[in-house]
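The values are calculated or read from the model by the stated rules, or taken from the named source; none is laboratory data. Quick caveat: nothing in here was measured; it's all calculated off a predicted structure. Neighbour counts are summed over all protein chains in view; Cβ atoms, including those assigned to glycine, are modelled from backbone coordinates with ideal geometry. Ligands, DNA and RNA are excluded from the accessible area calculation, which covers all protein heavy atoms including side chains. Shrake-Rupley method; radii C 1.70, N 1.55, O 1.52, S 1.80 Å.
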Amino acid sequence: QVQLVESGGGLVQAGGSLRLSCAASGRTFSSWTMAWFRQAAGKEREFVAAISWSDGNTYAADSVKGRFTISRDNAKNTMYLQMNSLKPEDTAVYYCAAGTSVIVTIDRSYDYWGQGTQVTVSS
């Protein structure tokens, strides 16, 4: 059993910053991939960023490159998403996901999901 718990969402003005955290507990895997997805109201869930737990390789959507940074703390089994220069279009529920055999940008390839945390960026 794997539990993923997100935290750090909230309301911020455009141009501001937030840091999301995703804490994993229960059974964890040294070789899994963890990722952030987001879903805005009325839209499909989309890939944001991912990180390989074993080697730290990272991946990011073009829409967030240069603004968002994904990182991990293996000792704490926690993944982070530092979000800078936030824009109103970043408003969404952000989900943490994890899986062992994934296609990084494909949400249905991930096995475990958190409950989501709301990020709202005001203009």
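Output the residue which, of all residues in segment 42-55 that are touching a Lys or Arg at 6+ places or on another chain (Cβ under 9 Å) and open to solvent by 20 Å² or more (accessible area, probe 1.4 Å), is nearest to ASN74 (Cα to Cα).
Out of the qualifying residues, it is PHE47.
Give the residues of segment 1-39 that are among the hydroxyl-bearing types (Ser, Thr, Tyr) and modelled with pLDDT of 95 or more, sorted by residue number.
If the condition is that a residue be among the hydroxyl-bearing types (Ser, Thr, Tyr) and modelled with pLDDT of 95 or more, then SER7, SER17, SER21, THR33 are the ones that fit.
Just a yes or no: is a residue in segment 62-80 open to solvent by 30 Å² or more (accessible area, probe 1.4 Å), closer than 25 Å to THR120 by Cβ, in contact (Cβ under 8 Å) with a residue 60 or more places away in the chain and out of contact with any His (no Cβ under 6 Å at 6 or more places or on another chain)?
Yes.
Filter segment 29-43 down to the residues that are touching a residue at least 60 places away in the same chain (Cβ under 8 Å) and not in a strand (DSSP E or B) and list them by number.
Scanning segment 29-43 gives PHE29, SER31, TRP32.
Assuming VAL2 fulfils every condition listed in (1) over 19 Å from GLY116 (Cβ atoms); (2) over 15 Å from the mean Cα position of the chain (by Cα); (3) of a type in the set (A, V, I, L, M, F, W, C) apart from one, which condition is it?
Every listed condition holds for VAL2 apart from (1).
So is VAL119 closer than 22 Å to VAL5 by Cβ, among the hydrophobic types (A, V, I, L, M, F, W, C) and in contact with a helix residue (DSSP H, G or I) (Cβ under 6 Å, 6 or more places away or on another chain) or not?
No; evaluated as a whole, the condition is false for this residue.
Return yes or no: is THR33 under 15 Å from VAL119 (Cβ atoms) and of a type in the set (Ser, Thr, Tyr)? Working first, answer last.
On the way: under 15 Å from VAL119 (Cβ atoms): no; of a type in the set (Ser, Thr, Tyr): yes.
Spelling it out, it is not the case that THR33 is under 15 Å from VAL119 (Cβ atoms) and of a type in the set (Ser, Thr, Tyr).
Just to verify a result, which residue in segment 1-21, among those that are polar (S, T, N, Q) and closer than 15 Å to ASP73 by Cβ, is surrounded by the fewest Cβ atoms within 10 Å (Cβ to Cβ)?
Checked segment 1-21; the qualifying residue surrounded by the fewest Cβ atoms within 10 Å (Cβ to Cβ) is SER7.
Among (1) over 15 Å from the mean Cα position of the chain (by Cα); (2) among the hydrophobic types (A, V, I, L, M, F, W, C); (3) at pLDDT 95 or above, where does ALA75 come up short?
Against the list (1) over 15 Å from the mean Cα position of the chain (by Cα); (2) among the hydrophobic types (A, V, I, L, M, F, W, C); (3) at pLDDT 95 or above, ALA75 comes up short only on (3).
Touching a residue at least 12 places away in the same chain (Cβ under 8 Å), open to solvent by less than 20 Å² (accessible area, probe 1.4 Å) and closer than 29 Å to SER123 by Cβ: which single residue out of ALA24, ALA97 fits that description? Give the derivation first.
Numbers: ALA24 fails: closer than 29 Å to SER123 by Cβ.
Every option except ALA97 fails the conditions.
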